[in-house]
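The values are calculated or read from the model by the stated rules, or taken from the named source; none is laboratory data. Being a predicted model, the structure only gives us computed values, none of them experimental. Backbone-built Cβ (ideal geometry, glycine too); neighbour counts: all protein chains shown. Accessible surface is based on the protein model in full, side chains and every heavy atom, while ligands, DNA and RNA are left aside. Shrake-Rupley method; radii C 1.70, N 1.55, O 1.52, S 1.80 Å.
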Amino acid sequence: MTIRVLHVASELYPLLKTGGLADVTAALPVALIEQGADARVLLPGFASVAAGLADLRPVARLARTFGAPEASLELGHLPGNGLPVYMIRADALYARPGSPYLDADQVPYGDNAQRFALLGSAAAQLAQHADPDWTPAIVHAHDWHAGLAPAYLRAAARERRLAGTRTVFTIHNLAYQGIFPAQQFDMLGLPADFFDMHGVEFYGQLSFLKAGLYFADKITTVSPTYAREIQTVAQGCGLEALLKGRAHDLVGILNGVDYAIWNPAHDDAIAAHYSAAHMSGKPRCKTALQARLKLAQRQDAPVFAVVSRLTEQKGLDLLLGAVPEIVSRGGQLAVLGTGDASLEQGFTRAARQHPDAVAVELGFDETLAHSIVAGADVMVVPSRFEPCGLTQLYALAYGALPLVHRVGGLADTVADASLENLADGLATGFVFERFEPDALAAAIRRAFALYARSHDWRATRERGMHQDFGWAASAQRYMSLYRELA
Ligand code: ADP
Ligand code: GLC
């Protein structure tokens, strides 16, 4: 029997992306369809979503609208691959330019609870036949934005308005929790007893993330190591006890790479194509990158690079301190990112001090991101915590050795170029254990040492390029989970 799965999320590449979530919500449903599922996506009707979907047609009016004068469900598809996508049309809540979460002053919108409650509620309405032609057996909600979907479904099940829809909640990042004042609970229309320690209440406030974790039938997160880490006080963000209590319902399933988009043999965003067997395009990409960023034109200088949100999570303050280590050894650093003002200023200052060796582009630029991964020798991901991380996987595919802190998905996907790993043919990058300046500096020195041994460098790079992080294996794991539930 074909399993009908509805993925509920706030972002979808290429329509709207602020981070890896969008890459996952775009690739996973397609991979599930390849495994025989009948998968669709539900998104809020943000301006770029409404503009980007093809053949949108009305499906239903929505019952609960959270203050929007009009709220309805439409169905369209992604122009590229035909993936069916439901969109909530509620312009009063969603049709705003810029970030889906923040206003022009980078402050969360005051009505975010309404905006994302409607997402959860619409998912529950789809499970109750809002679209007479298609009802999901599984509602799979992603991150806090969709956290209320399992709560509304539980409420409906209790009133016997619902037969058998099961729910999965995926944690992409436990640090973003969707916390709102307790007073906002009343407008949600959930049963009063849901505002409880055993429910959506979190230290006296309302937590959309906790709603997902508490009410979903199964919880997944995006790497096996992060699944263990979030059950500890150090990384549980206050939810470790709940997660530990649900350990038998919690599983870590590694994200994959969409090699249709991230493949240097076909990538139209990069200066020259290449593959593990034909690497001559890679130095041309490096030359093009150095030219674009006005770095010194030197093939012999290893280019370290970052493509990242500039937030506390990503550990780039540690890298900022290591700029002298890279520059004094003759390396270069290219940074593409946007976020915290102090990091933006710090890297901008470093670029001004070393104009030939350090370059910074502030902003979000998909094409430049591809050019950087293609032109770089090393991609640096020194995150304090990292649920999965996709940039190190893209780096492997593009022959840029990842240099990572040993946490979360980074620990699960990169093997350090230690002498023993080199000897055993296991090394794919550089891994440091402690989040300390000396540990990062040592990993950077290891990168320079390997770069000087070009035979070992090429062998490590080739091994990385041959790693298969395609979605098929992970999609199969999700399929088993759905079958277990259905
Ligand atoms: P996170 O989701 O925590 O931001 P991931 O590594 O999972 O981290 O995913 C980040 C995604 O966002 C990757 O696709 C990366 O290329 C992209 N990205 C991050 N910052 C930028 C930027 N400034 N410009 C373009 N792409 C970016
Ligand atoms: C989050 C995490 C990142 C993960 C991504 C997709 O944004 O920070 O580690 O790769 O979601 O799951």
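For the reader, a short list of remarks on this structure follows.
- Remark: pairs (first residue in the stretch 296-309, more than 12 Å from Met379 (Cβ to Cβ); second residue within 16 Å of ligand 2 (Cβ to nearest atom) and open to solvent by less than 30 Å² (accessible area, probe 1.4 Å); Cβ separation under 7 Å; 6+ apart in sequence or on different chains) = Arg309/Gly19; Arg309/Gly337.
Per-residue answers, yes or no, for (1) touching a helix residue (DSSP H, G or I) at 6+ places or on another chain (Cβ under 9 Å); (2) over 18 Å from Asp217 (Cα atoms):
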| site | (1), (2) |
| --- | --- |
| Gln114 | yes, yes |
| His145 | yes, no |
| Ala149 | yes, no |
| Tyr152 | yes, no |
| Glu159 | no, no |
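Residues are listed down the side, and each one gets a yes or a no for (1) open to solvent by 40 Å² or more (accessible area, probe 1.4 Å); (2) more than 16 Å from ligand 2 (Cβ to nearest atom); (3) under 27 Å from Leu209 (Cα atoms); (4) not in a strand (DSSP E or B):
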site: Thr2; (1), (2), (3), (4): yes, yes, no, yes
site: Ser10; (1), (2), (3), (4): no, no, yes, yes
site: Leu21; (1), (2), (3), (4): no, no, yes, yes
site: Ala26; (1), (2), (3), (4): no, no, yes, yes
site: Ala31; (1), (2), (3), (4): no, no, yes, yes
site: Thr65; (1), (2), (3), (4): no, yes, yes, yes
site: Ala68; (1), (2), (3), (4): no, yes, yes, yes
site: Glu74; (1), (2), (3), (4): no, yes, yes, no
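- Ala182 satisfies every condition listed in (1) surrounded by fewer than 18 Cβ atoms within 10 Å (Cβ to Cβ); (2) within 12 Å of Ala117 (Cβ to Cβ); (3) aliphatic (A, V, I, L, M) except (2).
- Among the residues making up the stretch 37-52, those that are outside any strand (DSSP E or B) and either under 14 Å from Ala95 (Cβ atoms) or open to solvent by 40 Å² or more (accessible area, probe 1.4 Å) (or both) are Gly45, Phe46, Ala47, Ser48, Val49, Ala50, Ala51, Gly52.
- Test for Arg434: is it in a loop (DSSP other than H, G, I, E, B), surrounded by fewer than 24 Cβ atoms within 10 Å (Cβ to Cβ), within 16 Å of ligand 2 (Cβ to nearest atom) and among the charged types (D, E, K, R): no
- Filtering the stretch 101-126 to residues that are among the small types (Gly, Ala, Ser) and either assigned to a helix (DSSP H, G or I) or touching a residue at least 12 places away in the same chain (Cβ under 8 Å) (or both) leaves Ala113, Ala117, Gly120, Ser121, Ala122, Ala123, Ala124.
- Filtered residues of the stretch 153-179 (kept if open to solvent by 60 Å² or more (accessible area, probe 1.4 Å) and within 16 Å of ligand 2 (Cβ to nearest atom)): Tyr176
- Number of positions in the stretch 236-262 that are open to solvent by 40 Å² or more (accessible area, probe 1.4 Å) and either touching an Asp or Glu at 6+ places or on another chain (Cβ under 8 Å) or closer than 30 Å to Tyr398 by Cβ (or both): 5
- For Gly204: the one exception among (1) at pLDDT 95 or above; (2) on the phi < 0 side of the Ramachandran plot; (3) surrounded by fewer than 18 Cβ atoms within 10 Å (Cβ to Cβ); (4) not acidic (Asp, Glu): (2)
- Every residue from the stretch 215-235 that is open to solvent by less than 10 Å² (accessible area, probe 1.4 Å), over 26 Å from Ala137 (Cβ atoms) and not hydrophobic (A, V, I, L, M, F, W, C): Ser223, Tyr226
- Some residue of the stretch 393-404 being within 10 Å of ligand 1 (Cβ to nearest atom), touching a residue at least 60 places away in the same chain (Cβ under 8 Å) and not in a helix (DSSP H, G or I): no
- Only residues that are in a helix (DSSP H, G or I) and either within 16 Å of Asp300 (Cβ to Cβ) or among the polar types (S, T, N, Q) (or both) were counted in the stretch 438-454, giving 7.
- Flag if Ala60 is small (Gly, Ala, Ser), part of a strand (DSSP E or B) and surrounded by fewer than 19 Cβ atoms within 10 Å (Cβ to Cβ): yes
- Unmet requirement for Ala234, which otherwise passes all of (1) within 24 Å of the chain's Cα centre (by Cα); (2) under 26 Å from Thr167 (Cβ atoms): (2)
- When Ser371 is tested against the conditions (1) closer than 21 Å to Leu318 by Cβ; (2) open to solvent by less than 60 Å² (accessible area, probe 1.4 Å), the lone failure is (1).
- Set side by side, the residues Val360, Val378 differ, and just one is in contact with a Phe, Trp or Tyr (Cβ under 6 Å, 6 or more places away or on another chain), in contact (Cβ under 8 Å) with a residue 24 or more places away in the chain, more than 16 Å from ligand 2 (Cβ to nearest atom) and farther than 21 Å from Ala439 by Cα, which is Val360.
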